[in-house]
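The structure appears below as structure tokens.
Read-outs throughout are calculated quantities, based only on the coordinates presented, and are distinct from any laboratory measurement. Keep in mind that what you see is a predicted model, and the values were worked out from it rather than measured. Cβ atoms come from the backbone with ideal geometry, glycine included; neighbour counts cover every protein chain shown.
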Amino acid sequence: MSDTTSSLQAQRKLVSWRAALLRQGESKPIYGHATEVALQSAVFVIDEPLRDGTQLKAFLELPDADARSRVYAEFTIKVLACTLMGGSSRYRLQCRVSEIDEAQRKVLERALSRTS
């Protein structure tokens, strides 16, 4: 593994990407924004609380290099912590990426490498 890849896995980058989170067995997603993302973890801001340990399917709308088309990444996450944000009625959701296939990992890695 290269130094670039290992640093992308460990260090979350500040982003503002639209996100949809889907609970197992449900069809209505929870919409929000990803605010910090790495290959192994992510932080989301959402409108409803979730229990620690909850497994979710995450869908991120990623910026494309030409900014004309939409690119999506899909992976499974596990909620580590969900906290109410002060001064708002929104929740900060800290998650660990528990499962991501190789193609989706490459799409996410490309988007993270374009983020400053």
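Listing for the model above:
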| quantity | calculated |
| --- | --- |
| Additional length obtainable on full extension of the chain from Arg51 to Gln24, 0.36 nm per residue less Cα span | 8.4 nm |
| Under the Debye formula (equal points on every Cα, no solvent term), log10 I(q)/I(0) of the chain at q = 0.19 Å⁻¹ | -0.99 |
| GNM result for the chain, Cα springs below 10 Å: residue of Ser41, Ser16, Ser69 fluctuating most strongly | Ser69 |
| Region 12-113: relative contact order in percent, alpha carbon pairs under 8 Å with at least 6 residues between | 26 percent |
| Rounded tilt (10° steps) of 102-114 against the dominant C-alpha axis of the chain | 80 degrees |
| Listed residues Val71, Val79, Val45, most fluctuating in the chain (Gaussian network, C-alpha, under 10 Å) | Val71 |
| Selected from Asp66, Asp47, Asp101 as most flexible by GNM, with the chain as the system and alpha-carbon contacts under 10 Å | Asp66 |
| Efficiency of FRET between Arg90 and Asp66 - r from beta-carbon atoms, R0 35 angstrom, step 0.05 | 0.65 |
